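Comments concern the structure below.
The values are calculated or read from the model by the stated rules, or taken from the named source; none is laboratory data. Computed from a predicted model, the values in this text were never measured in an experiment. Positions of Cβ are generated from backbone atoms using ideal geometry, with glycine treated the same way; all protein chains shown enter the neighbour counts. Quick note on the areas: whole protein, heavy atoms, side chains included, nothing else; ligands and nucleic acids left out. Shrake-Rupley method; radii C 1.70, N 1.55, O 1.52, S 1.80 Å.
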Amino acid sequence: MEYQVGRTGRIVVARFVDGDDVLGGLAEIVRKENIRAAAFHLVGGMKKGRFVVGPATEEMPPQPVWRELDESHEAVGFGTIFWHGDTPRVHFHGAYGKHDRVQAGCMREGSECFLVLEAVVMEITGVDVLRELDPASGMVLMKFAGEGK
């Protein structure tokens, strides 16, 4: 395990409305505000998106198992944002519920808001973290650019 200790910087509160691209909107916020590291919470509704519910097997590189939202769902979750080169990369895990059915996973594509979705983005200062391609997994993973403990 490695870690760095940082501090909370600015807090951004955002409201997404019906049809907004949630993951794209989060990336846009951090780009506009020049936030280099962040954690965020989401709560509200989503009506579209593709998310991963885990690998098919424990072998590397992992083969993702995909699920889709194709109608309105309640959504809640947590994520991080770190940069990969000149692009902010959002990593979000959430739970998506409709009636008595709940699914959970890593939202990766096509995230579309239903009605309203609230975000609280917390800037993390004093850390030197980025995302880098991991050859073993084929995924862009968090890495400490500076010294980790």
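Please work out which residue is most open to solvent (accessible area, probe 1.4 Å), limiting yourself to region 91-121 and to residues that are acidic (Asp, Glu) and closer than 17 Å to Leu26 by Cα.
Once the filter is applied, the top-ranked residue is Glu118.
Give just the number: which of (1) modelled with pLDDT under 95; (2) closer than 17 Å to Tyr96 by Cβ; (3) among the charged types (D, E, K, R) does Glu2 not satisfy?
With respect to (1) modelled with pLDDT under 95; (2) closer than 17 Å to Tyr96 by Cβ; (3) among the charged types (D, E, K, R), Glu2 is out only on (2).
Would you please name the residue that is most open to solvent (accessible area, probe 1.4 Å), looking only at residues in region 57-90 that are among the acidic types (Asp, Glu) and out of contact with any Lys or Arg (no Cβ under 7 Å at 6 or more places or on another chain)?
The extreme case among them is Glu58.
Take the conditions open to solvent by less than 90 Å² (accessible area, probe 1.4 Å), touching a Ser or Thr at 6+ places or on another chain (Cβ under 9 Å) and of a type outside the set (Ser, Thr, Tyr) and apply them to Ala14. Does it pass?
It is false that Ala14 is open to solvent by less than 90 Å² (accessible area, probe 1.4 Å), touching a Ser or Thr at 6+ places or on another chain (Cβ under 9 Å) and of a type outside the set (Ser, Thr, Tyr).
Got at least one residue in region 22-32 being at positive phi, surrounded by fewer than 14 Cβ atoms within 10 Å (Cβ to Cβ) and more than 14 Å from the chain's Cα centre (by Cα)?
So far as region 22-32 goes, no, none of its residues is at positive phi, surrounded by fewer than 14 Cβ atoms within 10 Å (Cβ to Cβ) and more than 14 Å from the chain's Cα centre (by Cα).
Is one or more of the residues making up region 103-124 touching a Cys at 6+ places or on another chain (Cβ under 9 Å), assigned to a strand (DSSP E or B) and more than 23 Å from Gly9 (Cβ to Cβ)?
No; the residues of region 103-124 include none that is touching a Cys at 6+ places or on another chain (Cβ under 9 Å), assigned to a strand (DSSP E or B) and more than 23 Å from Gly9 (Cβ to Cβ).
Do any residues in region 86-115 that are closer than 16 Å to Val53 by Cβ and hydroxyl-bearing (Ser, Thr, Tyr) have Cβ atoms under 6 Å from those of residues that are surrounded by 14 or more Cβ atoms within 10 Å (Cβ to Cβ) and at pLDDT 95 or above, where the two are at least six apart or on different chains, and which pairs are they?
That search, which allows pairs on different chains as well, returns Tyr96/Leu69; Tyr96/His73; Tyr96/Ala75; Tyr96/Gln103; Ser111/Val22; Ser111/Leu23; Ser111/Gly49.
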